[in-house]
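Everything on this sheet refers to the single structure shown next.
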Amino acid sequence: MSESYTELLFFLQYSKDVSRKFEGMKVDLRGIILLESEGKQNLISFTETGINEIDFAAYLEEVNKGVTRINLVDFASQLDAQADQLPKGTLQTSLKGHANTIRQIHIQQVIPLEQSMKYVKARSTLNQSIRFLERTSSDLTVRVRDVLAAIDATQFLISHNATFVVNQETEKYKQTIIGYFKQYIDWIRTSLALDVATCKPLSNIVDTAEILGCSFLLDSMNTFWFGLGCSTLFLLPSIILSVKLAKFYRRMDTEDVYDDSSVSGTWHFTL
């Protein structure tokens with residue numbers, strides 16, 4: 001009887017509450033759209049732009065060129081060589097002066113510009129970007145096609161199976177929680193059977209002693225105990241009063257026979 005009551009109180013009640021809570025939770029993922037048709041078309045259009053036909057070598061060659069179109073030092077050397085072939089005069093002097101000016105421009109402007117952090121960083125970043133685009137553009141069409149196929153498969157899963165999967169996992173989780181309650185009930189049943197029930201005979205002895213001692217013995221003597229208590233209550237003031245009046249007490253000596261000289265039958269008192 002107690003076992004059935006325990007199951008009714010704990011297991012059925014809480015399992016119904018848990019089931020009711022989970023049944024009220026509805027999950028519908030069919031409205032989720034991973035990628036709109038416009039986004040898919042943009043990806044397809046991007047693969048058709050001819051990015052895999054770009055001459056990346058030409059771009060890299062252009063990026064790796066110096067700041068000037070030609071090497072100024074070589075150009076200055078060529079001017080000196082041409083000036084040496086001319087007869088001495090104003091033209092030769094002018095060409096050599098221009099060659100020296102070009103060398104100064106290379107030293108004072110071109111070299112600092114090439115060594116500046118901003119220029120080096122920009123050229124390095126552009127070089128890396130071109131190389132990365134070159135690596136990815138070779139199979140870009142295949143990658144985009146794989147991405148679109150994965151999106152379509154995921155979209156189909158969400159639209160048709162995701163709701164069922166979520167509900168199935170929710171049911172498993174609910175059964176797990178209910179299983180915790182059942183384990184708790186089993187533990188209570190085991191504790192009652194092995195720990196508490198073994199003390200039942202001793203508990204019965206204590207209860208019987210309490211009934212016999214209190215209900216039958218002490219309760220029947222309540223009048224006696226009440227009278228004794230009242231007597232004690234009045235006895236204490238009497239004792240105190242007696243002690244206070246003891247100082248007024250004097251012992252009286254009396255004679256039971258007449259004195260020899262007395263003929264009139266008088267009493268003699270010794271104070």
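Read the figures in this text as sums done on the coordinates, not as results from a lab. Everything numeric here is computed off the predicted structure, so don't read it as measured data. We place every Cβ from the backbone using ideal geometry, glycine too, and count neighbours over all the protein chains shown.
Between GLN78 and SER45, the simple label model (points 7 Å from Cα in the Cβ direction) yields a spacing of 4.7 nm.
Kirkwood hydrodynamic radius computed over region 31-138 comes to 18.3 Å, based on all pairs of distinct alpha carbons. Taking the Cβ of GLN92 as the center, what net charge do the other residues with Cβ under 15 Å away carry, scoring Lys and Arg +1 and Asp and Glu -1? Its environment carries a net charge of 0. Taking 0.36 nm per residue of separation and subtracting the Cα-Cα distance, full extension of the segment from LEU35 to ALA193 would add 50.7 nm. If you plug the beta carbon distance of ARG135 and ARG69 into 1/(1 + (r/R0)^6) with R0 = 30 Å, you get a FRET efficiency near 0.55.
Modelled spin-label separation between SER94 and ILE239, with each label point placed 7 Å from Cα along the Cα-to-Cβ direction: 14.9 nm. At full extension, GLN104 and THR232 could sit 33.0 nm farther apart than now, given 0.36 nm per residue minus the alpha carbon distance. The slack between ALA57 and PHE164, meaning 0.36 nm per residue of separation minus the straight C-alpha distance, is 33.2 nm. Here the calculated FRET efficiency for ALA150 and VAL27, from their Cβ-Cβ distance with R0 = 22 Å, stands at 0.45, rounded to the nearest 0.05. Let a ≥ b ≥ c be the square roots of the eigenvalues of the Cα gyration tensor of region 205-247; is it rounded (a/c under 1.5), or, if not, prolate (a/b larger than b/c) or oblate? Taking the square roots of the gyration eigenvalues as a ≥ b ≥ c, region 205-247 is prolate. Ignoring lysines fewer than eight residues from LYS96 along the same chain, the ones with Cα atoms less than 21 angstrom from its Cα are LYS88.
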